[in-house]
Structure formats: structure tokens, C-alpha cells
Amino acid sequence: MPLPSMDFDPTEAAIPWRMLKSFGHEVWFATPDGKPAAADPCMVTGEGLDFWGWVPGLRKLVLGGRMLRANLAAREAYAAMIKDARYLAPMGWDQAKAEEFRGIVFPGGHRARGMRAYLESKILQDLAVAAFRADVPVAAICHGVLLLARSVDPESGKSVLYGRRTTALTWQLEKSGWLAGKILRFWDPSYYRTYMEKPGEQVGYMSVQQEVMRALAKPVDFCEVSNSDHHFAKKTSGLDRDSEGDASPGFVVVDGKYVSARWPGDAHGFARAFDAVLREEARA
């Protein structure tokens, strides 16, 4: 599981870590410098997610931030993950070789401060290319899919996602967070947008969904929840998250040995689907 030095989403890393461990898998970590990573502190504590969060004396007064931060299950999983021996002694990104692992998980995160180095890393993009070439199972959630979209195989000149079906953070979910953040974090209105449009670009052009779609063979390869889905409202509200006991709010896409999901609300089903892929691969 490659991670940036800081600002990854705690749910998207810790829930898959906890569940994959519970399924019997050993999870290794890789960071830029071989030192333990740290999640986005706002998503862990909720501090800074209320509209008074810029005031030092009031920052620790968390009200709305309790709803916007990672939920209890994710915070507990994160607290356990950061004590794990492999988490505390990660390898460097440049030490990770795709063929040495049974699978690779690419979590996401939206805070530009730490995530851009991860999303723009040529080392990780080369790792992704090597994994797809070697037919190693790969899973990516949220912005992790954006990293894959940018991973171009030099032989074909196309993204590793070209010709595959995938989902990722949808513009609907990203825009909802961005609009809420413009009010609650008015001093940092682009907190929920890792990349913003340049002058002349249409709003949403630099969203995760739009960039991922530009890397695909055809637009319909980007998968979203069907209007006919019995749980459509729960899956698209941005308020409901899946859990170990309730998969209905989640949405996961499996294309062969590649698994993708949209956001933290899909994390349990995402891990469960990747476990199934790994087990099927082991039986082959």
C-alpha cells in the first residue's frame, strides 16, 4: 500500500488495511522516504472543518467537523494501523517492486498539500505500469484512481486504465464537498479540490472524474451508480457510508483483477472485493 508522506485519507487506507488483515493478508507499506506517513489531520480529528476552524483558540471546538471527519470505525482502524509494525517501518517508494507482491492498493486523499506528490510521482506511476504489465491485482479508491489514470505505459502510450472499466471520485461527490468547503473553510475554499481549473477551463475539467475519463478508451467505461439501483439514494447522497454489516451505500467496480471505488463511503466493500480477487488469483 503506497502512501504519501502526509494527507492521505484515513478511511481509504485504514479500513482496507484492517479488513485485508482480518482476511489473512499481510499488508506492507511504502512512503517517499521510508518513514511513517500521516493522514490528513482534519479527517482524523475534525479540527479545521468548522467555519471557525481558522481561529487558533477555537480550532479544537469541533461541531460540524464531527460529521465531516472519518467515522468511528475508520478512526479506530487508523489508530490501530499507525501502531502496526509494517506501518512504522515502511519501505521507500523506490524499493517497491510490483512482481514481489500479490497485489497493490492505491488509497486516495484530497488535500493538495500532501497528495500532489503522490498523484504526480513518476515512481508510483511506473509501479502501476509494472503491476498491470505483470497482471498483478490492483485496487484503487477515490484519488488513487487518478494516479492510475496518469500511469502511461510507454509501449502503448496509453494509460493503464485504457480499455478498462473503472469508477473514481465522481464530480457529484467532489463538487458537493467543494461547495460545502467554500462555506465552512472559507479561508481555504479549495480544500476539497486537489486540482483547480485554470482560466478558460470549464468548471469540473480538473475534477477526478473528468481527468480519469480522459484516460479511458471511451466515456462509458467510467461507471456510476445506475438510476435503477435499489439503493441509488444511499449510494449517491454523500451522507451514507458502507460498513462491515451494511454494504448497500457502497459502490465498487471489478474489471478482471482491477478493483476501483469512489470515496471513503465505499471502503468496506472495496476491501471485500479486492480480497475476493486475491483469493481467486491464489486459486488459479
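All of the numbers you see were taken from the coordinates with simple rules; none came from a lab. Predicted model only: the values in this text are computed from it and were never measured. Cβ placement follows ideal geometry from the backbone for every residue including glycine, while neighbour counts extend to all protein chains displayed.
Tell me the Kirkwood radius of region 6-283: reciprocal of the mean inverse pair distance over distinct alpha-carbon atoms, in Å.
Hydrodynamic radius (Kirkwood, Cα pairs) of region 6-283 is 19.0 Å.
Using only C-alpha positions, report the orientation-averaged shadow area of the convex hull of region 161-284, nm², one decimal. Walk me through the intermediate numbers first.
On the way: hull surface 37.8 nm².
The directionally averaged projection comes out at 9.4 nm².
With only Lys, Arg, Asp and Glu charged, each at its Cβ (+1 for the first two, -1 for the last two), find how big the charge dipole of region 168-284 is about the Cα centre; round to the nearest 20 debye. Before the final figure, lay out the partial values.
Values: 15 positive and 17 negative charges, 47 e Å.
It comes to approximately 220 debye.
Return a whole-number percent for the relative contact order of region 107-234, with Cα pairs under 8 Å and 6 or more residues apart as the contact set.
26
Nothing charged except the Cβ atoms of Lys and Arg (+1) and of Asp and Glu (-1): what's the magnitude of the dipole of region 192-243 about its Cα centre? Round to the nearest 20 debye.
On the way: 7 positive and 8 negative charges, 14 e Å.
Value, rounded to 20: 60 debye.
With an 8 Å Cα cut-off and a minimum separation of 6 or more residues, compute the relative contact order for the chain in percent.
20
Which whole-angstrom value gives the distance between the alpha carbon centres of region 79-124 and region 239-281?
For region 79-124 versus region 239-281, the Cα centre distance is 19 Å.
How big is the Rg/Rh ratio for region 1-146, C-alpha atoms only, Rh by Kirkwood, two decimals?
1.00
Which value, in debye to the nearest 20, gives the size of the charge dipole of the chain about its Cα centre, when Lys and Arg are +1 and Asp and Glu are -1 at the Cβ?
Rounded to the nearest 20 debye, it is 440 debye.
Whole-Hz ³J(HN,Hα) for each residue in region 234-240, computed from phi via Karplus 6.51 cos²θ - 1.76 cosθ + 1.60 with θ = phi - 60°, x for glycine and proline: what do you get?
3J(HN,Hα) across region 234-240, in whole Hz: 5, 6, 10, 5, x, 10, 9.
Determine the gain in length on full extension of the stretch S248-A284; use 0.36 nm per residue of separation and subtract their C-alpha separation, reporting nm with one decimal.
Numbers: separation 36, 0.36 × 36 = 12.96 nm, distance 2.97 nm.
Value of the extension gain: 10.0 nm.
Using amide H atoms built in the peptide plane, which far-off residues or other-chain residues are under 5 Å from G163 H to H?
Hits under the 5 Å cutoff: A217, K218.
If the convex hull of the alpha-carbon atoms of region 1-77 is projected onto planes in all directions, what is the mean projected area in square nanometres? Each step should come with its number before you reach the end.
On the way: hull surface 22.7 nm².
Mean projected area for region 1-77: 5.7 nm², to one decimal.
Under 14 Å between C-alpha atoms is the cut-off here; go through the chain and count lysine pairs that meet it, provided they're at least eight residues apart or on different chains.
Within the chain, the lysine pair count is 4.
Tell me whether region 179-236 comes out rounded, prolate or oblate; compute the Cα gyration tensor, take square roots of the eigenvalues as a ≥ b ≥ c, and use a/c under 1.5 as the rounded threshold.
In terms of gyration-tensor shape, oblate.
For the ranges 273-280, 224-231, what's the packing order if you count other beta-carbon atoms within 10 Å of each residue, average per peptide, and put the highest first?
Final packing ranking: 273-280, 224-231.
What does the helix-only formula give at 222 nm for the chain: each DSSP H stretch with n ≥ 4 adding -39500 (n - 2.57), the total divided by the residues, and the result rounded to the nearest 500 deg cm²/dmol?
Numbers: 12 runs with 107 residues, N = 284.
Roughly -10500 deg cm²/dmol at 222 nm, from the helical runs in the chain.
Would you work out which of C142, V253, P41 lies farthest towards the positive end of the dipole of region 6-283, given +1 charges on the beta-carbon of Lys and Arg and -1 on that of Asp and Glu, about the Cα centre?
Checked the options; the winner is P41.
Can you run phi through the Karplus equation (6.51, -1.76, 1.60; θ = phi - 60°) for region 27-39 and list ³J(HN,Hα) in whole Hz, with x for Gly and Pro?
10, 9, 10, 9, 10, x, 10, x, 10, x, 8, 9, 6
So how far, in whole Å, is the C-alpha centre of region 174-200 from the one of region 12-62?
Cα centroid of region 174-200 versus Cα centroid of region 12-62: 20 Å apart.
Please report the relative contact order for region 64-179, taking Cα pairs under 8 Å with a sequence separation of at least 6, and give it as a percent rounded to a whole number.
Working: 106 pairs, mean separation 25.5, N = 116.
Contact order relative to length: 22 percent.
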